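Engineer: Quick one: structure below, then a few questions.
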Amino acid sequence: MKVLLIGSGGREHALAWKLAQSPKLSEFYVAPGNPGIAEHAAAVDLNIDDHQAVAGFCRDKAIDLVVIGPEAPLVAGLADALRGAGITVFGPSAAAAQLEGSKGFTKDLCARYDIPTGAYQRFTDAAAAKAYVCEQGAPIVVKADGLAAGKGVTVAMTVEEALAAIDDCFDGAFGAAGAEVVVEAYLDGEEASFFCLSDGKTALALATAQDHKRVGDGDTGPNTGGMGAYSPAPVMTAEMVSRTMKEIIEPTIRGMAESGYPFTGVFFAGLMITAKGPELIEYNVRFGDPETQVLMMRLESDLLDLLYAAASGTLDQVSAEWSDDVALTVVMASKGYPGSYDKGTPIAALPQTGPGEKVFHAGTALKDGALVATGGRVLNVTATGKTVAEAQAHAYALVDRVEWQNGFCRRDIGWQAVAREKN
Ligand code: AMP
Ligand code: GLY
């Protein structure tokens with residue numbers, strides 16, 4: 001099978017590494033890729049915003065499956081253009097990607113299909129939003145409707161904070177994403193991420209993960225794209241997984257199909273496990289980064305089979321097997337991230353890895369043959385263990401063998417789960 005992968009991050013390196021293990025893979029291309037992915041796939045010089053050029057490449061090479069990693073090309077309609085050209089694609093249409101692209105769209109779907117989520121209202125003017133906040137009181141959550149790179153959400157502990165967040169949105173702090181605002185009830189509980197494939201009709205549960213969004217140890221400091229993750233998430237017991245499937249995922253698949261937007265791809269559901277059970281915080285319509293890195297370490301099935309089944313409407317014919325091991329990834333970032341940081345700093349050495357160890361490339365490049373850091377999040381140092389504590393010790397032992405002076409990482413990824421194991 002000939003595959004084209006779209007993307008260049010640690011998530012795509014993890015997908016590429018796993019796809020490359022498939023005996024069915026015959027040719028493998030990536031656009032744009034990175035030096036880690038280049039060990040598995042041939043990098044092609046394609047402008048992924050030029051949908052016709054991508055379709056033309058797929059026709060020339062007789063590509064059997066395109067796997068789209070990030071959300072931006074999905075929201076821009078790359079999957080639609082490729083499907084229109086008769087190409088099999090893993091990833092939702094632009095219309096279905098509204099599940100991630102518009103919080104209001106998702107909340108309305110939840111309301112229509114009785115999917116548990118915080119009570120909410122949508123607003124296009126500040127005065128009405130503020131009146132609602134004053135009526136509801138704090139804590140309360142204010143969200144810019146559109147894609148705001150994870151920065152459009154304020155969990156306000158006071159009414160004043162919520163009012164200020166509403167002003168920020170309507171004053172343009174998040175650009176067009178803030179032209180509409182969703183105000184929703186604060187959900188109290190433990191967060192978890194749940195991943196599930198869909199071919200538009202059938203759901204196939206993958207696995208669970210927990211991430212660390214804050215830059216500093218003890219979950220302090222500003223939010224980032226994610227500083228580390230582990231899988232499985234201890235809070236997602238078999239009962240919670242089965243309730244999530246029944247109460248959240250299945251009605252979503254039905255709702256999307258009935259609305260005329262059948263969903264093909266992966267649901268990445270951000271959940272709050274409250275006293276009532278799982279409630280939906282948000283959907284992403286692509287794999288998580290760095291959650292995918294830990295998922296792929298635990299997946300025992302052929303990823304190509306799974307993604308092809310989701311893309312071609314045959315998900316009812318496959319199943320996914322997972323290792324019982326815990327996988328944990330530590331993100332190494334450029335000093336200064338998520339603020340400004342130097343680009344092009346040298347990575348002198350990466351460790352040789354053995355079984356249960358992998359260093360995924362997220363923001364690297366080759367400059368005159370030498371490896372350099374080009375992004376904020378640069379390496380995903382990943383390892384497995386029988387427990388979270390073991391996986392954590394294993395991953396940090398690997399981190400300590402990375403020679404990159406301008407890099408830093410959190411030293412406590414997985415701390416809540418490690419504490420739970422001690423009890
Ligand atoms: P989102 O971008 O919607 O995932 O929100 C970012 C983060 O804000 C989530 O990961 C939660 O930690 C927090 N959050 C969002 N919505 C709520 C809510 N209704 N109640 C409590 N925390 C929330
Ligand atoms: N790690 C969070 C995300 O991929 O959005």
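The values are calculated or read from the model by the stated rules, or taken from the named source; none is laboratory data. Only a predicted model underlies this, so the values are computations on that prediction, with no experimental measurement involved. Every residue, glycine as well, gets a Cβ built from its backbone with ideal geometry; the counts of neighbours run over all protein chains shown.
Engineer: Can you give me the number of residues within the stretch 260-315 that are within 16 Å of ligand 2 (Cβ to nearest atom) and either farther than 16 Å from Ala229 by Cα or among the β-branched types (Val, Ile, Thr) (or both)?
Structural biologist: Counting residues in the stretch 260-315 that are within 16 Å of ligand 2 (Cβ to nearest atom) and either farther than 16 Å from Ala229 by Cα or among the β-branched types (Val, Ile, Thr) (or both) gives 13.
Engineer: So in the stretch 220-266, with the set limited to residues that are surrounded by fewer than 16 Cβ atoms within 10 Å (Cβ to Cβ), within 16 Å of ligand 1 (Cβ to nearest atom) and free of Cβ contacts under 8 Å to residues at least 60 places away in the same chain, which one is nearest to Asp412 (Cα to Cα)?
Structural biologist: Thr220
Engineer: Between residues in the stretch 179-196 that are farther than 19 Å from Leu295 by Cβ and residues that are within 16 Å of ligand 2 (Cβ to nearest atom), which pairs lie under 6 Å by C-beta distance while being six or more apart or on different chains?
Structural biologist: Matching pairs, first to second residue: Val182/Lys103; Val182/Lys143; Leu187/Met272; Gly189/Met272.
Engineer: Inside the stretch 4-111, counting only helices (runs of 4 or more DSSP H) that do not spill past its ends, which hold 1 or more residues that are surrounded by fewer than 19 Cβ atoms within 10 Å (Cβ to Cβ), within 19 Å of the chain's Cα centre (by Cα) and not aromatic (Phe, Trp, Tyr)?
Structural biologist: 71-75
Engineer: Ok, one more. Output the number of residues of the stretch 358-407 satisfying the condition of being among the charged types (D, E, K, R), under 20 Å from Gly216 (Cα atoms) and not in a loop (DSSP other than H, G, I, E, B).
Structural biologist: 1
Engineer: Have a look at Ala348, Ala383, Ala397 and point out the one that is at pLDDT 95 or above, under 30 Å from Glu190 (Cα atoms), loosely packed, with under 14 Cβ neighbours inside 10 Å and not charged (D, E, K, R).
Structural biologist: Answer to the selection: Ala397.
Engineer: Check Ala320, Ala370 and return the single one that is over 30 Å from Ala257 (Cβ atoms) and in contact (Cβ under 8 Å) with a residue 24 or more places away in the chain.
Structural biologist: Being over 30 Å from Ala257 (Cβ atoms) and in contact (Cβ under 8 Å) with a residue 24 or more places away in the chain holds for just one of Ala320, Ala370, which is Ala370.
Engineer: Something else now. Which residue pairs have Cβ atoms closer than 6 Å, lie 6 or more positions apart in sequence or on different chains, and pair a first residue in the stretch 83-95 that is in contact (Cβ under 8 Å) with a residue 40 or more places away in the chain with a second residue that is surrounded by fewer than 21 Cβ atoms within 10 Å (Cβ to Cβ)?
Structural biologist: Thr88/Ser312; Val89/Arg83; Ser93/Asp80; Ala95/Tyr261
Engineer: Would you call Lys151 assigned to a loop (DSSP other than H, G, I, E, B), away from ligand 2 (no atom under 16 Å from the Cβ) and within 23 Å of Leu74 (Cα to Cα)?
Structural biologist: Answer is no for this residue.
Engineer: Residues to consider are Arg420, Arg410; find the one that is part of a loop (DSSP other than H, G, I, E, B) and in contact (Cβ under 8 Å) with a residue 40 or more places away in the chain.
Structural biologist: Sole residue among the options that is part of a loop (DSSP other than H, G, I, E, B) and in contact (Cβ under 8 Å) with a residue 40 or more places away in the chain: Arg410.
Engineer: Quick one: Ala177 ticks every box in (1) part of a strand (DSSP E or B); (2) within 21 Å of Cys110 (Cα to Cα); (3) modelled with pLDDT under 95; (4) small (Gly, Ala, Ser) bar one, so which box is it?
Structural biologist: Tallying (1) part of a strand (DSSP E or B); (2) within 21 Å of Cys110 (Cα to Cα); (3) modelled with pLDDT under 95; (4) small (Gly, Ala, Ser), Ala177 fails exactly one: (1).
Engineer: Restricting to the stretch 124-148, what's the tally of residues that are outside any loop (DSSP other than H, G, I, E, B), hydrophobic (A, V, I, L, M, F, W, C) and either surrounded by fewer than 18 Cβ atoms within 10 Å (Cβ to Cβ) or under 27 Å from the mean Cα position of the chain (by Cα) (or both)?
Structural biologist: 9
Engineer: Name the residues in the stretch 267-302 that are assigned to a loop (DSSP other than H, G, I, E, B), in contact with a Ser or Thr (Cβ under 7 Å, 6 or more places away or on another chain) and surrounded by 24 or more Cβ atoms within 10 Å (Cβ to Cβ), would you?
Structural biologist: Pro290
Engineer: Also, I was wondering about something else. From Leu163, Leu187, Leu197, which residue is more than 15 Å from ligand 1 (Cβ to nearest atom) and either assigned to a strand (DSSP E or B) or under 22 Å from the mean Cα position of the chain (by Cα) (or both)?
Structural biologist: The match here is Leu197.
Engineer: Can you go through Ser193, Ser198 and tell me which one is at pLDDT 90 or above, buried (at least 21 other Cβ atoms within 10 Å of the Cβ), small (Gly, Ala, Ser) and within 16 Å of ligand 2 (Cβ to nearest atom)?
Structural biologist: Result: Ser193 is the single residue among Ser193, Ser198 that is at pLDDT 90 or above, buried (at least 21 other Cβ atoms within 10 Å of the Cβ), small (Gly, Ala, Ser) and within 16 Å of ligand 2 (Cβ to nearest atom).
Engineer: Just need a number here: residues in the stretch 149-160 that are touching a residue at least 40 places away in the same chain (Cβ under 8 Å) and more than 25 Å from the chain's Cα centre (by Cα).
Structural biologist: 0
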